[in-house]
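Student: Submitted below is the structure of interest, expressed as structure tokens.
The values are calculated or read from the model by the stated rules, or taken from the named source; none is laboratory data. Given the structure is predicted, the values throughout are model-derived calculations rather than measurements. Here the Cβ positions follow ideal geometry from the backbone for every residue, glycine too, while neighbour counts run over all protein chains shown. Side chains included, ligands, DNA and RNA excluded: accessible areas come from the protein's heavy atoms. Shrake-Rupley method; radii C 1.70, N 1.55, O 1.52, S 1.80 Å.
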Amino acid sequence: MLYLDYAATSKPSDETLEVMNEITKTIYANPSSLHALGIQARKRYNEAKKELAGMLNTTWKQLVFTATGTEAINMVIKGTFFKHPQKTILTSSIEHHATINAINFVKQQGGHVVEIPVDENGFFDINALENALNTYDVSLLSLIYANNEIGTIQDITPIRSLLSKHHVKLHLDMVQAPAHQAIDFETLSVDFASFSAHKFYGPRGVGFLYIKDKADITPLIHGGKQELSLRAGTENLSGVVGMVHAFKESQDNLSKKEATILQTAQTFLNALDQHNVDYRLNGPPLGTNRLNSVLNIAFKNQDNQMLSFALSEKEIYVSTGSACHSDVIEASHVIRNISTPLEYQDGCIRFSFSHEESKDEMKDLAKTLAILIQSNDYNK
Ligand code: PLP
């Protein structure tokens with residue numbers, strides 16, 4: 001089996017699962033309970049939050065634990081809209097559906113939204129941003145930092161300085177970033193950032209939101225006073241502890257792991273070249289501002305659904321785009337918005353991997369693809 005769908009989800013380590021299991025078995029009390037076991041649960045929860053905050057160079061008061069990245073994104077976009085319903089929200093044309101559909105909700109409620117285009121590599125159009133800031137009364141820019149389909153990583157510095165001149169808040173969807181780069185909120189200097197544990201080898205059903213000033217948004221979930229009164233509901237202690245453990249593991253030897261990933265990616269593309277496969281790498285070139293672990297490859301005049309199905313039969317698991325809409329058979333909005341030529345649009349496959357795949361596995365994959373494409377057998 002060759003699992004190449006890490007951008008969709010990743011597998012928790014045995015150690016992470018053990019830590020979670022231990023918590024579930026021993027400290028199962030509600031952290032809001034006032035008896036000794038409850039107090040122990042609260043203590044463990046607070047410790048986990050402080051540990052995560054330390055690794056992100058922020059304080060625990062800036063972190064809100066959520067169930068998913070989608071939830072964190074919804075909190076920011078809808079929470080900003082409810083706070084400033086008359087103001088404009090900006091976003092980009094290559095967002096994840098969590099953002100697209102939160103934005104669609106805002107529009108349905110009568111909110112005003114402007115979508116900023118990107119260039120052919122998925123980089124945000126700073127001139128269009130400046131025009132929008134000069135034209136509208138803007139509350140927020142919600143931007144995908146590391147793109148889940150094509151890997152583009154945005155250069156935040158010019159965007160942030162433009163926004164701060166206009167006193168506009170910045171939210172980054174950083175769901176795809178943590179397994180690949182260190183995050184330091186002191187230097188990043190954003191207002192909000194969304195994360196999801198299952199993308200960095202943590203469990204499903206837990207994520208978090210970084211929020212500089214909790215007064216900037218209206219809460220969406222009302223109930224108890226959990227999570228700074230921004231997100232009511234009994235805390236998921238084992239999930240949170242598992243997430244923090246996985247985050248710590250994901251930050252170990254980051255630069256070594258990234259160097260391996262770059263070599264793996266290069267080996268794969270070289271092997272495709274050697275087999276004369278006609279393809280384009282969507283997004284920026286390898287080794288530039290991108291996730292080298294997310295290779296969206298467009299095969300000329302191929303059907304990505306059929307090709308990925310043929311790979312799946314060989315126990316090679318890839319994605320045809322964002323997993324959340326893989327049942328929709330058309331080129332994704334990201335592929336269309338970076339102007340991939342039409343003859344390549346239907347043949348886009350996302351290979352997303354970790355630092356653990358071997359060069360031989362990637363060479364064999366290229367060979368398998370070449371045979372499938374050149375025989376065209378899988379299409380029949
Ligand atoms: N944002 C990006 C960039 C993603 O890749 C994903 C997951 O696919 C999400 C948001 C949503 O995260 P979750 O699956 O935790 O809701």
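Student: Checking P219 against (1) within 13 Å of the ligand (Cβ to nearest atom); (2) closer than 20 Å to A102 by Cα; (3) in a loop (DSSP other than H, G, I, E, B): exactly one of these is not met. Which one?
Tutor: (1)
Student: How many of the residues in the range 76-119 are under 30 Å from N282 (Cα atoms) and either in contact (Cβ under 8 Å) with a residue 24 or more places away in the chain or among the hydroxyl-bearing types (S, T, Y) (or both)?
Tutor: Here the count works out to 24.
Student: Another question, if that's okay. Open to solvent by 40 Å² or more (accessible area, probe 1.4 Å) and within 12 Å of the ligand (Cβ to nearest atom): is that true of R204 in this structure?
Tutor: In short, yes.
Student: Has the range 11-22 got any residue that is within 16 Å of the ligand (Cβ to nearest atom) and either touching an Asp or Glu at 6+ places or on another chain (Cβ under 8 Å) or over 22 Å from G224 (Cβ atoms) (or both)?
Tutor: The answer is yes, given that some residue of the range 11-22 is within 16 Å of the ligand (Cβ to nearest atom) and either touching an Asp or Glu at 6+ places or on another chain (Cβ under 8 Å) or over 22 Å from G224 (Cβ atoms) (or both).
Student: Only residues that are within 30 Å of D252 (Cβ to Cβ), surrounded by 16 or more Cβ atoms within 10 Å (Cβ to Cβ) and more than 20 Å from the chain's Cα centre (by Cα): list them for the range 333-380, please.
Tutor: If the condition is that a residue be within 30 Å of D252 (Cβ to Cβ), surrounded by 16 or more Cβ atoms within 10 Å (Cβ to Cβ) and more than 20 Å from the chain's Cα centre (by Cα), then E357, E361, M362, K363, L365, A366 are the ones that fit.
Student: If you don't mind, there's one more thing I want to ask. Consider only pairs whose beta carbons are under 9 Å apart and that are at least six residues apart or on different chains; among these, list those whose first residue lies in the range 345-360 and is farther than 14 Å from H180 by Cα and acidic (D, E) and whose second residue is assigned to a strand (DSSP E or B) and open to solvent by 10 Å² or more (accessible area, probe 1.4 Å).
Tutor: E357/L2; E357/Y3
Student: For T68, are the conditions met, namely being without any contact (Cβ under 8 Å) to a residue 24 or more places away in the chain and β-branched (V, I, T)?
Tutor: No, not satisfied.
Here is a yes/no grid of residues against (1) closer than 26 Å to A179 by Cβ; (2) free of Cβ contacts under 8 Å to residues at least 24 places away in the same chain; (3) in contact with a Leu (Cβ under 8 Å, 6 or more places away or on another chain):
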site	(1), (2), (3)
I211	yes, no, yes
D216	no, no, no
P219	no, no, yes
G224	no, no, no
L228	no, no, no
E235	yes, no, no
S238	yes, no, no
M243	yes, no, yes
A246	yes, no, no
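Student: For the range 181-198, check the following and say yes or no: at least one residue is within 13 Å of the chain's Cα centre (by Cα), modelled with pLDDT of 95 or more, surrounded by fewer than 24 Cβ atoms within 10 Å (Cβ to Cβ) and away from the ligand (no atom under 11 Å from the Cβ).
Tutor: Yes, the range 181-198 contains a residue that is within 13 Å of the chain's Cα centre (by Cα), modelled with pLDDT of 95 or more, surrounded by fewer than 24 Cβ atoms within 10 Å (Cβ to Cβ) and away from the ligand (no atom under 11 Å from the Cβ).
Student: At least 2 residues that are small (G, A, S) and either without any contact (Cβ under 8 Å) to a residue 60 or more places away in the chain or within 29 Å of T340 (Cα to Cα) (or both) in each: list the helices (runs of 4 or more DSSP H) lying fully within the range 120-199 that qualify.
Tutor: 126-135, 156-165
Student: The conditions are (1) touching a residue at least 40 places away in the same chain (Cβ under 8 Å); (2) among the charged types (D, E, K, R); (3) farther than 27 Å from Q263 by Cα, and K367 fails exactly one of them. Which is it?
Tutor: Of (1) touching a residue at least 40 places away in the same chain (Cβ under 8 Å); (2) among the charged types (D, E, K, R); (3) farther than 27 Å from Q263 by Cα, only one is false for K367: (3).
Student: Might you check whether a residue that is touching a helix residue (DSSP H, G or I) at 6+ places or on another chain (Cβ under 6 Å), crowded, with 24+ Cβ neighbours inside 10 Å and closer than 29 Å to L4 by Cα occurs anywhere in the range 151-172?
Tutor: There is at least one residue in the range 151-172 that is touching a helix residue (DSSP H, G or I) at 6+ places or on another chain (Cβ under 6 Å), crowded, with 24+ Cβ neighbours inside 10 Å and closer than 29 Å to L4 by Cα.
Matching residues to (1) among the hydroxyl-bearing types (S, T, Y); (2) away from the ligand (no atom under 16 Å from the Cβ):
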residue	(1), (2)
F65	no, no
E71	no, no
N104	no, no
G110	no, yes
V114	no, yes
E120	no, yes
S161	yes, yes
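Student: Would you tally the residues in the range 222-247 being within 15 Å of the ligand (Cβ to nearest atom) and of a type outside the set (A, V, I, L, M, F, W, C)?
Tutor: Total satisfying the criteria: 4.
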